[in-house]
Each structure stands twice: as C-alpha cells, then as structure tokens.
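A.B. asks: Before anything else, here's the structure in question.
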Amino acid sequence: MQEQQHSYPQRKKRLTTFIPLNGPWRNVIDTLFIIVGSFLIAVAFNLFLLPNQIASGGVSGLSILGDEWLGWEPAYTQWAINIPLLIAGFLLIGKQYGVRSILGSIVLPLFVYLTSHWEIPTANPLLGSLYGGIGVGLGIGIVYRGRGSTGGMSILARIVQKYSGLSYSLCVVIMDATVIILAAFVLSLEQSLYALIGLYVTGKVIDAVEMGLGYSKVAYIISNQTEPITKVILADLDRGLTKLEAKGGYTDDQRTVLMVVVGQNEVPRLKALIRSVDPGAFVIISNAHEVLGEGFKRGEHI
C-alpha cells in the first residue's frame, strides 16, 4: 500500500474543529454521559419494557422476570445483582474496569426506582419492544460514549470471556439468550419473541449512537487513467487518496487501484469526475462506518 498522496499543489489544507477534552474536564463530561444515559435506560425500562413484560436480556430483563415470578421490586433486584457482580469485577477483572462500572451500576437502579410511578404510554407489547429498545439503546450508547458501563451482565460477560477464552460478543449473546429463554418459561413464548425484537432494536441504536447515523463512503477505482483521475479528485473534489498496487486475476498484469474516502453527498460528484476522465473505469463504492483523520472530524460521518 502506498502512502497518502498530497503532492499536488491544487490540494487545499483542510481545517478541523475538533478540540480534545482531556484531564478533569473529560472526567466531568464522561460522568454526565453516564448519568444521562442511565436515566434514559431507566425511563425506557419503566415506560415500555416493564409494563409490557419485555425481558430483552441483561439485568433489567432478569428484574422483569423477578417482578413477574416473585413480585420483587425491579430496582432492588438490579442492585442485588449489580453489586455482587461489581465486586467480582474488581477482584477478577481489575480495578480499572470496576471503577468505570460503579456509577452506572448504582445510578441506573436508582433512576429505575425514581421513575417507577411514571404514567405508562402504551400497553401494546410490539410498541413496547420497539420504543423500549430504542430508549435502552440510546441510553447505553450514551453511557459507552462516556467510557462507562451499566455493570450487570457486561461484567459477567467479561469474567466469562477471561476464563473461558470465548469472545466478549459471544459471551454477551449467551447471557442475553439465557434471559430470553427464561422469559419463554416465566412469561410466555410470545413475550420472548417480543424481547428478541427489543434486543435487536437496542443493538442497532447502540451502533447508531456510537458510529453516527450517516456513513462515509470508500471508493476503489480501477482504471488505465489513474494519474488524470488522481489529479481531478485532488483538485476538484479536494479529497486525498491512496494508491494500492494490485495484480489482475485474469491477466496477471500489475495495475494501480485508487482508494478514496468521501462523504455521502460527495459520491455523485466523485462518479461524475471519474466518468469525465474514463467512462470505462471500474468503481466499487461501499460504506465506511467510521473515518478518523485529515479532512474528517473525530467520529464524523458526512
């Protein structure tokens, strides 16, 4: 792979507006993110998941089962599970991971308790699973943005990962699947199916919060006119590009592939520029979920 090309004089310097937050201010912002995210999770739990018995995984799902089966207050159940797991996280995983989980593990059940008497907007389980999944996903995504955790099953998944050798994502899936299977017995098969919908929506919203709603695009350009295409991209589109050395699979000939990352709104212009130079160029355009570096703000999806 060749280095990024910036040698053409037409290329203009891009300025970024990212200002890093370090030191105590970063800690303050992280704390606010964890608190706000935990509050959103608690509201979604009490307004949509609990009243519709949507036990879509995690400690919150177990607390719904405890409420239905044994009549336990969900907030107390969450504390009763989170605190021992938090201690286990300190002992088995390490102090650093445990510290980042303390705040979420404590304030989330507190917010669940404080919002437990809010008016329920819907008794429709489908709406409950959809909007509950959205709210929980939004809250968890914000907590992750604050470099925190809500504790619970995420700690247990880390412990299982450490001592089993399984991947973290697989451990999380196993934990959530266990809760949903229990929901099929404690509640009903239909409720467990609604829980799967809620869990799916939660995952998608977490991805959206962490990576943004839009996508940048990465284009691979194969052409015999690489130099003219390079010039028009650098001069007219004002984007850098990378030259990749490749070999044709059929002809076995050496050739150069151009790789360029652009925003979604720049794709039509990019295609027009390529066609203007070489109408027969072979172009592959795909999503780039996150792009960091010159010309892109940190975490920006144009």
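The values are calculated or read from the model by the stated rules, or taken from the named source; none is laboratory data. This one's a predicted model, so the numbers in the text were calculated from it and none came from an experiment. All Cβ positions, even for glycine, are placed from backbone atoms using ideal geometry, and neighbour counts span all protein chains on display. These area figures cover heavy atoms from the full protein model, side chains too; ligands, DNA and RNA do not enter into them. Shrake-Rupley method; radii C 1.70, N 1.55, O 1.52, S 1.80 Å.
A.B. asks: State all residues of the range 242-260 that are under 15 Å from SER286 (Cα atoms) and open to solvent by 30 Å² or more (accessible area, probe 1.4 Å); if no residue qualifies, say none.
C.D. replies: MET259
A.B. asks: Related question: Is one or more of the residues making up the range 186-195 assigned by the TED database to the domain that holds LEU62, under 18 Å from GLY139 (Cα atoms) and in contact with a helix residue (DSSP H, G or I) (Cβ under 6 Å, 6 or more places away or on another chain)?
C.D. replies: Within the range 186-195 (the criterion being assigned by the TED database to the domain that holds LEU62, under 18 Å from GLY139 (Cα atoms) and in contact with a helix residue (DSSP H, G or I) (Cβ under 6 Å, 6 or more places away or on another chain)), the answer is yes, since at least one residue qualifies.
A.B. asks: Now a separate question. Just one of GLY263, GLY203, GLY198 is within 30 Å of the chain's Cα centre (by Cα), more than 30 Å from GLY128 (Cα to Cα) and open to solvent by less than 60 Å² (accessible area, probe 1.4 Å); which is it? Even if it seems obvious, please write down each step before you answer.
C.D. replies: Numbers: GLY203 fails: more than 30 Å from GLY128 (Cα to Cα); GLY198 fails: more than 30 Å from GLY128 (Cα to Cα).
Criteria check complete, one pass: GLY263.
A.B. asks: Could you check GLY151 against (1) open to solvent by 60 Å² or more (accessible area, probe 1.4 Å); (2) part of a loop (DSSP other than H, G, I, E, B) and say which number it fails?
C.D. replies: If we test GLY151 against (1) open to solvent by 60 Å² or more (accessible area, probe 1.4 Å); (2) part of a loop (DSSP other than H, G, I, E, B), just (1) comes out false.
A.B. asks: Would it be correct to say that SER169 is open to solvent by less than 60 Å² (accessible area, probe 1.4 Å), out of contact with any strand residue (DSSP E or B) (no Cβ under 9 Å at 6 or more places or on another chain) and at pLDDT below 85? Please lay out each step first, then the result.
C.D. replies: Numbers: open to solvent by less than 60 Å² (accessible area, probe 1.4 Å): no; out of contact with any strand residue (DSSP E or B) (no Cβ under 9 Å at 6 or more places or on another chain): yes; at pLDDT below 85: yes.
Answer is no for this residue.
A.B. asks: Mind listing just one residue for me: the one in the range 221-241 that is under 31 Å from the mean Cα position of the chain (by Cα) and crowded, with 16+ Cβ neighbours inside 10 Å and, of those, modelled with the highest pLDDT?
C.D. replies: In the first step, residues of the range 221-241 are kept if they are under 31 Å from the mean Cα position of the chain (by Cα); the result is 221, 237-241.
Now narrow it down to the ones that are crowded, with 16+ Cβ neighbours inside 10 Å: 221, 237, 239-241.
Working: ILE221: 93, LEU237: 80, ARG239: 81, GLY240: 82, LEU241: 87.
Within the range 221-241, the match that is modelled with the highest pLDDT is ILE221.
A.B. asks: Let me ask something else about it. From the list LEU47, LEU110, LEU65, LEU86, exactly one residue is of a type in the set (A, V, I, L, M), part of a helix (DSSP H, G or I) and open to solvent by 30 Å² or more (accessible area, probe 1.4 Å). Which is it?
C.D. replies: LEU110
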